[in-house]
Amino acid sequence: MAKQQQARLRIAAAAARLMAQDGIDDFALAKRKAARQLGLDDTQALPGNHEIEEQLRAYQRLYQEQEQRERLRELRRIALEVMCEIADFHPYLTGPVLSGTAGRYSEVDIQVFTDDAKLLELQFLNRNLAYDVCEQRRWIGGENRLISVLTLDWDGNEVNISVLGTNDERVSIKTSAKGLVVERAALSAVKLLVESDG
């Protein structure tokens, strides 16, 4: 195995361990931290997110199988509850809860599509659900845009709801310009996931 390939594999494994044990959810941060810990500063050797995700799945199977499976089941149930609550806003599940790599520190990530975010906020206020709002950047249909993200506590678990425009439902959404398209699942698909989780 080439030296660079070995370094990529070592960084991917260390980054996966950091994500599983320390709750780091940012792939880029996990890569940089892992490379520093291993004394590998060669940015050419940094693995892709898919390589880290592969190592994360392997780590979870080996060291956290029962715990991870129960946590994933719980987070998918919470995602379904929230999505049913906000069904009028075209919710989609994204992130580790959808991909199956969610662990003990994971949050639920949902996208909604509406041209009136205030209606969504009003729904939470009417149910006495406290939430915070921040802005984050997303690549939407090739444009770098600032979007609102509502964060609320649901049964002691953090749920992040990215608010996008109605027309954005038909375009690809990425977390960065070079990143992969964010996978998402509609309410009907999440119901099937929860049913299959038993």
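The values are calculated or read from the model by the stated rules, or taken from the named source; none is laboratory data. Keep in mind it's a predicted model, so treat the numbers as computed, not measured. All Cβ positions, even for glycine, are placed from backbone atoms using ideal geometry, and neighbour counts span all protein chains on display.
Assorted remarks:
- Pairs meeting the criteria (first residue in region 13-28 and farther than 10 Å from TYR59 by Cα and in contact (Cβ under 8 Å) with a residue 60 or more places away in the chain, second residue among the basic types (Lys, Arg) and buried (at least 17 other Cβ atoms within 10 Å of the Cβ), beta carbons under 9 Å, at least 6 apart or on different chains) are ASP22/LYS33.
- Filter pass, ALA34 being farther than 25 Å from ASP168 by Cα, of a type in the set (Gly, Ala, Ser), assigned to a helix (DSSP H, G or I) and modelled with pLDDT under 85: no
- Near pairs, Cβ below 8 angstrom, 6+ apart or cross-chain, from region 110-136 (surrounded by 15 or more Cβ atoms within 10 Å (Cβ to Cβ)) to any residue that is part of a loop (DSSP other than H, G, I, E, B) and among the charged types (D, E, K, R): GLN111/ARG184
- For region 51-69, the criterion of a residue being under 22 Å from THR175 (Cα atoms), assigned by TED's automatic domain parsing to the domain that holds LEU193 and among the charged types (D, E, K, R) is satisfied by no position.
- Any hit, region 123-138, residues being outside the structural domain of GLY23 (by TED's automatic domain parsing) and either in contact with a Pro (Cβ under 8 Å, 6 or more places away or on another chain) or within 30 Å of ALA58 (Cα to Cα) (or both): yes
- The residues in region 87-109 that are in contact with a strand residue (DSSP E or B) (Cβ under 8 Å, 6 or more places away or on another chain) and surrounded by fewer than 20 Cβ atoms within 10 Å (Cβ to Cβ) can be counted, and the count is 2.
- Checked against the criterion of being surrounded by 12 or more Cβ atoms within 10 Å (Cβ to Cβ), β-branched (Val, Ile, Thr) and part of a helix (DSSP H, G or I), the candidates VAL149, VAL163, VAL190 yield just one match: VAL190.
- Helices (runs of 4 or more DSSP H) wholly inside region 43-121 that include at least 1 residues being farther than 26 Å from VAL133 by Cβ and β-branched (Val, Ile, Thr): 49-63
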